[in-house]
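The values are calculated or read from the model by the stated rules, or taken from the named source; none is laboratory data. Every value quoted in this text rests on a predicted model; they were computed, and no experiment measured them. Cβ: placed from backbone, ideal geometry, glycine included. Neighbour counts: every protein chain shown. Side chains are part of the model used for accessible areas, which takes the heavy atoms of the whole protein and leaves out ligands, DNA and RNA. Shrake-Rupley method; radii C 1.70, N 1.55, O 1.52, S 1.80 Å.
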Amino acid sequence: MTTTLQQVATEMQANAVVDGLVESLPTTDGMSAQAQWDAVKSWLEEQVKPADFAAWLSPLTLQNKNGTAVTLAGPTKFILSWVEQHYAPKIMEGWLVVHGEVMKPTFAVQPVWGGMVKEATPEAKDEGADRRQQSREAEPVAAAASVEDERLAQAGEGNRLDPRYTFDTFIIGKSNQFAHAAAQRVAKEGLNALTSGGMVAGFNPFFLHGGVGLGKTHLMQAVGHEIVKGRPQTRIRYLSAEQFLYTFIRAMRDKDILGFKDIFRDVDVLMIDDIQFIAGKDATQEQFFHTFNRLVGMGKLVLLTADKSPHELPGIEDRLRSRLGSGLTVEMHAPDVETRQAILEHKAHALHMQLPDEVATFLATNINSNVRELEGALNRLAAFSSLTGQEVSIGFAKEQLRDLLRVNARVVGVEDIQRQVADYFKIRVADMHAPKRDRAIARPRQVAMYLCKQLTTRSYPDIGRAFGGRDHTTVMHACQTITDLMERDQQLTEHVQLLEKMLSGK
Ligand code: ADP
Ligand code: MG
């Protein structure tokens, strides 16, 4: 790949010289890298079919520009490898035509949280950010060699909000209408307080929790967008908890705690996503606690998300726990089938994709885990259909989504698992519920508990109840024991894998 790209670059440069193009091309014009990429993107948009642009190029964001290389980030490996194979030369061409620079694109998977300094408003850039920006630029390229360093370098001083995550694009259904209304209220109160110079009270912090892929990040960022819309100079920092963590670790490493505090000094709205990642990390938690307390104390709006409610989050200090829950806490639920269908239709429209009603119904009925999977399925269909020119039909969907549908279609219940495992190890199903402790029975029971956790969506307490009213800690212990044993016990591993296969029908 590298040599091909270099060849293309040299060739393109040579051609450009031959054509006398180089002189006429605009040179680097003091545009920020971000603005440059935006311009290249617009050029690309004119070059490729709209559906291809939407499927492959539109999701790419600029992560880094360094010398003669740009790193573009995209949401999945699948998309990136496709882009790399099919559009890398086109991207290079774009950069050359639009900016007169030879840039080699490299690609990095990056979940939606992005990784860049918020550039939208000049006010958002405090001197601290400028200083950090300079010191980052001064770092030799090789400094970001290790994965760890790269993460640290990426662990931004804040991120741009994802432009797609607004209230407009959020589909409301029974499962999320309350969270949606609450988020709108928070945006309104926040905006009022900020414009009147007052304090945000009552809804602070706004704490959204719920399972993965249910729209927490989307809704939280929608609040941010709404506030920026009403008051463009608002200083917003959005960080994943992981970024918060890495930013903190980097500050510790560079002995720059003041710099760390700078990052949060001037914010009006702070958003930290997935704070379950801070749990159990004591020093970071402590720092988070101070940051958070100070901001809420000053009446700044703080928005948080996590996979569990504050009082269910493990590894969090009690004083932090109660502070986290002291504002407005709202849970998000999995969308029902109508909402899933509405989301699909909306996304298909955004992708300029023809999605027949029956296919939308089929997908909404059969993919019921979370919105992210639903979206992934749709993206995949859009991509394959634009590649092969095939129309999207139920048959086509079944074919292209075989893996996803199988996992979703086969619903395994706790009883199935108990029966199958008892059968396999030749014990009685009743032993799954009985208090017996001898190894010959206890081990299969642990395997069954482990499989319940793996193959169903039931919680630890739920599973415990289904096993003769055992405590959730017993189930957790069972899962841990089996996980540990599987690392060294080949035979047990085979048993578990075989059972898993039989149960999930794979
Ligand atoms: P979470 O943060 O809860 O894991 P996200 O906010 O990242 O979930 O949502 C996953 C994906 O599903 C995102 O692309 C988001 O835009 C989309 N999504 C989730 N809920 C909705 C909704 N109600 N309407 C439209 N898109 C949604
Ligand atoms: Mg999220």
Looking at (1) more than 14 Å from Leu304 (Cα to Cα); (2) among the polar types (S, T, N, Q); (3) touching a strand residue (DSSP E or B) at 6+ places or on another chain (Cβ under 8 Å), find the lone condition where Gln221 falls short. (1)
Does at least one position in the range 248-258 carry a residue that is away from ligand 1 (no atom under 16 Å from the Cβ), among the β-branched types (Val, Ile, Thr) and crowded, with 23+ Cβ neighbours inside 10 Å? no
Suppose the filter is closer than 13 Å to Leu301 by Cβ, in contact (Cβ under 8 Å) with a residue 12 or more places away in the chain, of a type in the set (Lys, Arg) and touching a strand residue (DSSP E or B) at 6+ places or on another chain (Cβ under 6 Å); does Arg237 pass it? yes
Based on this model, can you work out whether Tyr450 counts as among the aromatic types (Phe, Trp, Tyr) and open to solvent by 60 Å² or more (accessible area, probe 1.4 Å)? no
Of those in the range 205-222 that are near ligand 1 (Cβ under 6 Å from one of its atoms) and outside any loop (DSSP other than H, G, I, E, B), the residue farthest from Ile172 (Cα to Cα) is Thr217
Give Val302, Val296 a once-over and let me know the one that is touching a Leu at 6+ places or on another chain (Cβ under 6 Å), away from ligand 1 (no atom under 14 Å from the Cβ) and open to solvent by less than 60 Å² (accessible area, probe 1.4 Å). Val302
So, in the range 400-424, how many residues would count as being at pLDDT below 85 and open to solvent by 70 Å² or more (accessible area, probe 1.4 Å)? 6
Selected residue [modelled with pLDDT of 70 or more and either buried (at least 20 other Cβ atoms within 10 Å of the Cβ) or within 24 Å of Thr217 (Cα to Cα) (or both)] from Pro75, Pro111, Pro89: Pro75
Residues that are acidic (Asp, Glu) and within 19 Å of Asp462 (Cβ to Cβ), drawn from the range 415-447: Glu415, Asp416
Please go through the range 339-353 and pick out each residue that is at pLDDT 90 or above and either at positive phi or of a type outside the set (Ser, Thr, Tyr) (or both). Arg340, Gln341, Ala342, Ile343, Leu344, Glu345, His346, Lys347, Ala348, His349
Within the range 464-506, the residues that are modelled with pLDDT of 90 or more and in contact with a Leu (Cβ under 9 Å, 6 or more places away or on another chain) are Ile482, Leu485, Met486, Leu492, Thr493, Val496
So for the range 221-232 (the condition being open to solvent by 10 Å² or more (accessible area, probe 1.4 Å) and either among the polar types (S, T, N, Q) or under 30 Å from Ser459 (Cα atoms) (or both)), does at least one residue qualify? no
Only one of Ala201, Ala124, Ala129, Ala181 is more than 12 Å from ligand 1 (Cβ to nearest atom) and modelled with pLDDT of 95 or more, namely Ala181
Kindly list, by first and then second residue, each pair from a residue in the range 199-215 that is within 17 Å of Gln177 (Cβ to Cβ) and open to solvent by less than 10 Å² (accessible area, probe 1.4 Å) to a residue that is within 16 Å of ligand 2 (Cβ to nearest atom) and acidic (Asp, Glu), limited to pairs with Cβ atoms under 7 Å and residues at least 6 apart or on different chains. Gly210/Glu331
Among the residues listed as Ala187, Ala179, Ala193, the single one being in a helix (DSSP H, G or I) and within 16 Å of ligand 2 (Cβ to nearest atom): Ala179
Candidate set from the range 305-322 (those that are touching a Phe, Trp or Tyr at 6+ places or on another chain (Cβ under 8 Å) and modelled with pLDDT of 90 or more); member that is surrounded by the fewest Cβ atoms within 10 Å (Cβ to Cβ): Ser309
Tell me yes or no: at least one residue of the range 259-268 is touching a helix residue (DSSP H, G or I) at 6+ places or on another chain (Cβ under 6 Å) and in a strand (DSSP E or B). no
